[in-house]
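Right, one structure below, let's go through it.
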Amino acid sequence: MEAKGKKDQSVAAALLARAHTPDEANRIFTEKIQHRPLFLTPSSPPPSDARAARQREREKKKQQRKKALKPKPLSAAQRRKLGLYDVPREGQKYALFEPLHNLWLGYIREILGGEIYTGGEGAAAKLTSADYHGAGVEVVRSGCVSRVGIKGIVVKDSKFAFDIVTKKNTLKLVPKEGTVFRFEVPAVDARGGSRAPGAEDAKGAAAATPEQHETDRPQNMVFEIHGDQFQFRSADRANKKFRVHFSKKL
Amino acid sequence: MLSLPTPSLYQASKCFVTHGVMSHLDPNQPPSKSKPWSTLTSQDFVNRADLIVPQEAYDAIHAKLVEGRRAPEFKRVVMSLHDILTSEFFVEYIKKGDILMLSEGRRDIDNVFSLESGILALFLDKEAYERAGLVGKPHGVKGRRGLKPRWIVQLDLTNPSMSRGHKGFDRLVYASKNALNASTVWLFCNMASTTPDPDPLSQHFPSGYTCNPRVMRDVSVIIPPLNPQLDSTILGPIEDFESFATEIYEWLSLVRLQSPRIQLGDQIDPYLCRYQIPGPSEQGSKICKISWQGFISPSWAREILVDVISALPSKTWFSFSTTTFSKGMAGDNSECTILRPPGSPGEYIMWEVKAHE
């Protein structure tokens with residue numbers, strides 16, 4: 001308070017004098033400005049005796065022990081530091097994931113059943129709740145143009161990105177935002193004959209099209225997924241209902 | 001969802017007038033850096049070229065230009081970008097030769113590709129750009145890009161790193177197979193003097209065209225005074241030159257359009273047309289006009305100008321103008337018109353009309 005010069009003092013007093021009677025102004029000035037109490041530790045509790053302090057310490061220790069017993073998920077920083085979810089350098093081999101890819105193909109054919117030949121809304125609903133670890137993916141369209149053309153097997157399907165291992169044994173992390181991914185599933189038995197009608201854009205997340213290249217080659221089901229609408233963890237996606245969303249970016 | 005029509009920005013073309021003196025012309029070393037020549041070569045593809053000379057000079061011009069020179073040829077072919085980048089076409093024409101190519105469409109609306117002096121320029125809309133995967137720059141008026149931005153991708157194909165096996169070229173080939181795989185109509189012009197022997201273009205069955213010059217002789221018109229009078233005391237010198245330039249450009253354009261208004265003895269009701277030829281002269285003289293139309297390279301236009309200057313006597317006036325293909329949605333084209341006034345050998349006036357795009 002003494003740091004303020006006489007001039008400032010008079011400014012505060014002058015302003016108060018404008019609004020109050022001189023006695024009031026004087027009282028307010030001395031009580032609330034000049035002799036205002038400055039609390040050093042305003043929220044500290046009143047000084048307690050040693051017994052209360054010891055009791056508090058014991059309570060705190062008990063709480064911490066209880067908390068440590070309860071299992072908590074790792075935070076993002078802890079995960080990154082521990083490196084538990086990284087694929088090690090020796091493990092970034094395309095050949096290692098090919099059996100997984102074949103398993104995934106079998107799994108998808110099993111889910112889709114007959115709809116692998118027809119496509120449409122039913123297939124789209126099943127595909128959105130499917131798991132994509134081990135899927136063969138190609139980035140087809142992206143707001144960041146350097147991602148286009150990345151092709152490989154999905155190693156990790158996290159909430160916002162796909163981890164893809166390419167044929168050249170590199171691991172690429174491709175964010176889902178603003179990116180369109182294409183998946184191809186060859187149907188095992190080459191059924192000649194009727195080719196199903198074109199794609200229906202079902203539920204905004206997946207568009208499914210069956211493709212028949214030649215009559216002697218097996219059919220391929222090709223579908224594209226808009227990453228913008230797909231930003232959920234694979235576990236959360238299982239029961240999620242997808243609705244059509246108008247996309248500003250398309 | 002209501003979609004309001006996207007506002008389009010139209011900016012009118014601008015005309016720049018230059019009045020200068022040409023340096024002495026050495027036919028062995030055609031100039032390229034100074035003013036009328038650099039403007040001619042800076043145009044990208046020439047669609048139309050017109051030459052207006054007085055009738056007395058016609059014989060000299062005819063001998064040199066029409067008979068002495070081969071008419072420019074161009075071809076129209078249906079190809080896809082993938083065909084251009086692979087096979088013998090790429091090696092023979094692009095790496096070893098010198099060609100000009102332009103694909104069909106308008107740059108603000110369709111995906112247009114152009115190839116000029118080895119630089120491939122792709123004008124793409126948002127979806128094609130995102131699917132192609134090639135790095136490009138934003139194209140179009142900055143403030144109006146909004147929800148539908150357009151992009152331009154420029155690649156130098158004569159670079160030695162643009163060959164099979166290199167990453168940049170492989171990305172371009174991938175794009176041409178997936179996103180840009182439509183086959184479009186192209187105009188093709190081979191600027192080199194020789195064509196490779198098993199012509200790689202023939203497998204796409206091109207149709208060839210020759211831009212034969214069309215001659216209009218003995219046209220009696222009234223010619224306005226073509227010399228700029230710079231020492232007038234009535235108006236200030238700048239306004240005087242501006243009005244002179246505008247009137248002469250108007251007259252030259254009417255000659256190119258073959259308008260009856262400038263012809264001798266034209267009687268039109270002034271209610272229908274109020275155009276009057278500037279200047280006091282009422283006598284007619286004869287002029288002739290030679291025009292070429294097609295897909296022409298700007299270096300050919302420069303050669304024609306060199307020939308004209310060397311063929312004509314130095315006091316004769318002439319006017320040479322070239323028009324390019326239109327680029328944007330508004331369909332305006334850029335143009336370059338050069339006039340040499342009578343009686344002054346090196347002097348020239350150049351009108352350069354630049355479209356907004």
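Since every read-out is calculated from the coordinates, none of them should be taken as a lab result. Source: prediction; values computed, not measured. Note that we place each Cβ from the backbone using ideal geometry, even for glycine, and neighbour counts take in every protein chain shown.
Enumerate lysine pairs in region B:205-357 that are 8 or more residues apart or on different chains, then count those whose Cα atoms are under 28 Å apart.
Values: B:LYS286/B:LYS315; B:LYS289/B:LYS315; B:LYS289/B:LYS327; B:LYS289/B:LYS354; B:LYS327/B:LYS354.
For region B:205-357, the number of qualifying lysine pairs is 5.
Counting other beta carbons within 10 Å of each residue's own, what order do A:LEU171, B:LEU120 fall into, fewest first?
On the way: A:LEU171 18, B:LEU120 21.
Listing A:LEU171, B:LEU120 from fewest to most nearby Cβ atoms yields A:LEU171, B:LEU120.
Could you work out [θ]222 nm for chain B from helices alone, using -39500 (n - 2.57) per DSSP H run of at least four and dividing by all its residues? Round to the nearest 500 deg cm²/dmol.
Taken over chain B, the calculation gives -6000 deg cm²/dmol.
Note down the net charge around A:GLU24, summing +1 for each Lys or Arg and -1 for each Asp or Glu among other residues with Cβ under 15 Å from its Cβ.
Result for the neighbourhood of A:GLU24: +1.
Just name one of B:ILE99, B:THR39, B:LEU157: the one whose Cα is farthest towards the positive end of the charge dipole of chain B (beta-carbon charges, Lys/Arg +1, Asp/Glu -1).
The Cα lying farthest towards the positive end belongs to B:LEU157.
Any idea what log10 I(q)/I(0) is at q = 0.07 Å⁻¹ for chain B, Debye with uniform C-alpha scatterers and no solvent?
For the requested q values the scattering log ratios are -0.38.
Summing Lys, Arg as +1 and Asp, Glu as -1, what charge do residues with Cβ under 15 Å from the Cβ of A:ILE164 carry, A:ILE164 excluded? Before the final figure, lay out the partial values.
Working: positive: A:LYS93, A:ARG147, A:LYS151, A:LYS156, A:LYS167, A:LYS168, A:LYS172, A:LYS176, A:ARG182; negative: A:ASP86, A:GLU98, A:GLU138, A:ASP157, A:ASP163, A:GLU184.
Here the count lands on +3.
Ordered by residue, what ³J(HN,Hα) values in Hz, to whole numbers, does region B:136-153 give under the Karplus form 6.51 cos²θ - 1.76 cosθ + 1.60, where θ = phi - 60° and Gly and Pro are x?
x, 10, x, 10, x, 4, 4, x, 10, 6, x, 7, 10, x, 10, 10, 10, 10
Taking the Cα centre as origin and putting +1 on Lys and Arg beta-carbons and -1 on Asp and Glu beta-carbons, what dipole magnitude results for the protein assembly as shown, to the nearest 20 debye?
5240
Determine the distance separating the Cα centre of region B:108-187 from the Cα centre of region B:21-78; give it in Å without decimals.
32
List, in order, the whole-Hz ³J(HN,Hα) value for each residue of region B:248-260 obtained from phi through the Karplus relation with A = 6.51, B = -1.76, C = 1.60 and θ = phi - 60°; use x for Gly and Pro.
Along region B:248-260, the couplings run 5, 5, 5, 5, 4, 5, 5, 5, 5, 7, 6, 7, x Hz.
List every residue whose amide H lies under 5 Å from the amide H of B:GLY118, counting only residues 5 or more places away in sequence or on a different chain, with H placed 1.01 Å from N in the peptide plane.
B:ILE99
Between B:VAL255, B:PHE325, B:SER291, whose Cα lies farthest towards the positive end of the dipole of chain B when Lys and Arg beta carbons carry +1 and Asp and Glu beta carbons carry -1, centred on the Cα centre?
So the residue furthest toward the plus end is B:PHE325.
Taking the mean number of other Cβ atoms within 10 Å as a proxy for protection, how do you rank B:180-188, B:299-307 from highest to lowest?
Packing order, densest peptide first, comes out as B:299-307, B:180-188.
What are the residues whose amide H is under 5 Å from the amide H of B:PHE325, where those residues sit 5 or more places off or on another chain and H is modelled from the backbone?
So B:PHE325 has HN proximity to B:PHE45, B:ASN47.
Take every Cα pair under 8 Å in chain B that's 6+ residues apart, average their separations, divide by the length, and report that relative contact order as a whole percent.
33
Sequence neighbours fewer than 8 away in the same chain don't count; with that in mind, list the aspartates and glutamates whose C-alpha is under 18 Å from B:LYS95.
Cα-Cα hits under 18 Å: B:ASP83, B:GLU116, B:ASP156, B:ASP170, B:ASP197, B:ASP199.
Using the Cα centre as the reference, give the magnitude of the dipole from point charges on the C-beta atoms of region B:33-184 (Lys, Arg: +1; Asp, Glu: -1; all else neutral), rounded to the nearest 20 debye.
Dipole of region B:33-184, to the nearest 20 debye: 700 debye.
So, counting K/R as plus one and D/E as minus one, what does the shell of residues with Cβ under 12 Å around B:ALA121 add up to? Don't skip to the answer; put the middle values down first.
Details: positive: B:ARG107, B:LYS137, B:LYS327; negative: B:ASP44, B:GLU116, B:ASP156.
Around B:ALA121, the surrounding residues sum to 0.
Counting only C-alpha contacts under 8 Å and six or more residues apart, can you give the relative contact order of region B:73-210 as a whole percent?
The value is 41 percent.
Using a Gaussian network model of chain B with C-alpha springs under 10 Å, which one of B:SER281, B:SER314, B:SER326 is most mobile by mean-square fluctuation?
B:SER281
Using a simple charge model, +1 on the beta-carbon of Lys and Arg, -1 on the beta-carbon of Asp and Glu, nothing else, what dipole does region A:1-154 show about its Cα centre, in debye to the nearest 20?
1060
Just want the answer: with Cβ charges of +1 for Lys and Arg and -1 for Asp and Glu, which residue in B:GLN267, B:GLY279, B:ILE61 is farthest toward the dipole's positive end in chain B?
Towards the positive end, the residue furthest out is B:ILE61.
Rounded to whole Hz and in sequence order, give me ³J(HN,Hα) for region B:160-174 from the Karplus expression 6.51 cos²θ - 1.76 cosθ + 1.60, θ = phi - 60°, writing x for Gly and Pro.
x, 7, 8, 8, 4, x, 8, 4, x, 5, 5, 5, 5, 5, 4
Taking amide H atoms as placed 1.01 Å from N in the peptide plane, list the residues 5 or more away in sequence, or in a different chain, whose amide H sits under 5 Å from that of A:PHE162.
Those qualifying (amide H under 5 Å, at least 5 residues apart or on another chain) are A:VAL174, A:LYS176.
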